[in-house]
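Input: a single structure, listed below in structure tokens.
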Amino acid sequence: MLHIQIWEGLAQILELGKVEGGDIGICGIVDGEILLDLAYEEDSRADVDMNFVMTAGRKFVDVQATAEHQVFDEPQLGKMMALAGQGVQALIAKQQAILGTLTLRQ
């Protein structure tokens, strides 16, 4: 019962526009390749690890990057940002489909 109440409360908050919908995109560089949604095995050996928290309107809430084993350049940063944005948008689309007719504030 509590689980249902939590979801109903979240639905009401979203409907009132009190929060923006958003999600986290995790990507990194592993063996020279830029990857999205790293598995633990990939994350543990990533040369670069990045986390992007973005809204449904593609606005940034938080960006964190660590050059774990190797530095990265601006073109790689741009590619990771674009890939994370695509991943976040895909997650938000799935969330909206699950939540039904609720509209997330842009």
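Read the figures in this text as sums done on the coordinates, not as results from a lab. Values in this document were obtained by computation on a predicted structure and should not be read as measured data. No Cβ is skipped: glycine too gets one built from the backbone with ideal geometry, and neighbour counts run over all protein chains shown.
Taking the Cα centre of segment 20-99 as origin, sum charge times position over the Cβ atoms of Lys and Arg (+1) and Asp and Glu (-1), and report the length of that vector in debye to the nearest 20. Walk me through the numbers on the way to the answer.
Details: 5 positive and 14 negative charges, 97 e Å.
Result for segment 20-99 is approximately 460 debye, rounded to the nearest 20.
Going by how many other beta carbons lie within 10 Å of each one, how would you line up Phe60, Phe52, Phe72, fewest first?
Fewest-to-most Cβ neighbours within 10 Å comes out as Phe60, Phe72, Phe52.
Give the residue from Gln70, Gln95, Asn51 lying farthest towards the positive end of the charge dipole for segment 20-99; charges sit on Cβ (+1 for Lys and Arg, -1 for Asp and Glu) and the dipole is referred to the Cα centre.
Highest projection toward the positive end goes to Gln95.
In whole Å, what are the Cα extents of segment 20-99 along the three principal axes, biggest one first?
Taking max minus min along each principal axis of the Cα atoms, segment 20-99 gives 39, 25, 16 Å.
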